[in-house]
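What follows is a short report on a single structure.
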Protein chains: 2
Amino acid sequence: MAMQANVVWKDGMAFEAHLDGFNFTIDAHEKFGGRKLGPMPKGLTLVSLAGCTAMDVISILQKMRVKVDSFEVATDGVLTEEHPKKFLEIVIKYIFKGTDLPLEKIKSAVTLSMETYCGVYATLKPTVKLSHQIIINGQAAVED
Amino acid sequence: MAMQANVVWKDGMAFEAHLDGFNFTIDAHEKFGGRKLGPMPKGLTLVSLAGCTAMDVISILQKMRVKVDSFEVATDGVLTEEHPKKFLEIVIKYIFKGTDLPLEKIKSAVTLSMETYCGVYATLKPTVKLSHQIIINGQAAVED
């Protein structure tokens, strides 16, 4: 299976990213000449991971007929201090709100994504320390 | 060094991604209930890699006083056919147009990004087969 993206230089440090027929501007940090025209590229790895696993989980929960009022995935990355500043560790927080949310079904959906479906998780797992938390109505239900 | 992103469920399979003070919509493929409201999350890994190395390269070339007319980085990924559909291989194409572009300086800028500066490249390198091409005015100048 093949997948393609590209980034085209505009000016300064701004590039236009093209993906799946959409485009958006990315830019460098101001200390490297960026002008806050878009998000910085490195964090898109965190969005890629969060989005991939979040879509798995909501899709599985919908199949299980679990109804959530709100759902968010936050990815907190830790990078090396020295160049190249690569990801050492990412904590994935699955944050749910709702009434009568069934913890076992939620744990099962999260595990299925991490172990079976999420290709970004599987790509990063051999090289980045990945851990996760499940937070339901503000309370940590699972931490690993 | 820490870095954070999150994705908040909107409806269907659409999520709003938040990164560096910007937000944009991501969506699933239509066969998984997406409605083409934004790019899919997995390819953001390719944008992250392309953007990270592209910004390094243009910044280094500017310091070397190399003037390019146009510059683009394309990332072509190959994924596994089975779940989890992870990245096996990514070809990074550095595509330049201009007059009198000095190949040695361009090779040096690309090598510096890959070996020294690009944190996304360094994150993926242990787990994904990464290769690159330098294409100048439509001609492949370097392939590895």
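The values are calculated or read from the model by the stated rules, or taken from the named source; none is laboratory data. Just so it is clear, the model here is predicted, and its values are computed rather than measured. Neighbour counts run over all protein chains shown; Cβ positions are idealised from the backbone, glycine included.
Are any of the residues in the stretch B:26-44 in a strand (DSSP E or B) and either under 17 Å from the mean Cα position of the chain (by Cα) or within 7 Å of chain A (Cβ to nearest Cβ) (or both)?
Taking every residue of the stretch B:26-44 in turn, at least one turns out to be in a strand (DSSP E or B) and either under 17 Å from the mean Cα position of the chain (by Cα) or within 7 Å of chain A (Cβ to nearest Cβ) (or both).
May I ask you to verify whether A:D11 is more than 19 Å from B:V120 (Cβ to Cβ), more than 7 Å from chain B (Cβ to nearest Cβ), touching a residue at least 24 places away in the same chain (Cβ under 8 Å) and not aromatic (F, W, Y)?
Against the criterion (more than 19 Å from B:V120 (Cβ to Cβ), more than 7 Å from chain B (Cβ to nearest Cβ), touching a residue at least 24 places away in the same chain (Cβ under 8 Å) and not aromatic (F, W, Y)), A:D11 does not qualify.
Only one residue in A:E16, A:E30 is out of contact with any strand residue (DSSP E or B) (no Cβ under 6 Å at 6 or more places or on another chain) and without any contact (Cβ under 8 Å) to a residue 12 or more places away in the chain, so which one is that?
A:E30
Kindly indicate whether A:V91 is outside the structural domain of A:V8 (by TED's automatic domain parsing), closer than 30 Å to B:G51 by Cα and free of Cβ contacts under 8 Å to residues at least 24 places away in the same chain.
no
Given the conditions (1) within 16 Å of the chain's Cα centre (by Cα); (2) exposed (fewer than 15 other Cβ atoms within 10 Å of the Cβ); (3) among the acidic types (D, E), and given that A:D11 satisfies all but one, which numbered condition is not satisfied?
(1)
Regarding A:P102, is this residue at pLDDT 95 or above and more than 11 Å from chain B (Cβ to nearest Cβ)?
For A:P102, the condition - at pLDDT 95 or above and more than 11 Å from chain B (Cβ to nearest Cβ) - is met.
Residues that are buried (at least 17 other Cβ atoms within 10 Å of the Cβ), at least 1 per element: which strands (runs of 3 or more DSSP E) completely within the stretch B:63-144 meet that?
Correct list: B:70-79, B:87-97, B:129-136.
Here's the yes/no breakdown for (1) more than 7 Å from chain A (Cβ to nearest Cβ); (2) of a type in the set (S, T, Y):
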{"residue": "B:A54", "(1), (2)": "no, no"}
{"residue": "B:V66", "(1), (2)": "yes, no"}
{"residue": "B:G77", "(1), (2)": "no, no"}
{"residue": "B:P84", "(1), (2)": "no, no"}
{"residue": "B:V91", "(1), (2)": "yes, no"}
{"residue": "B:Y94", "(1), (2)": "yes, yes"}
{"residue": "B:S113", "(1), (2)": "yes, yes"}
{"residue": "B:Q133", "(1), (2)": "yes, no"}
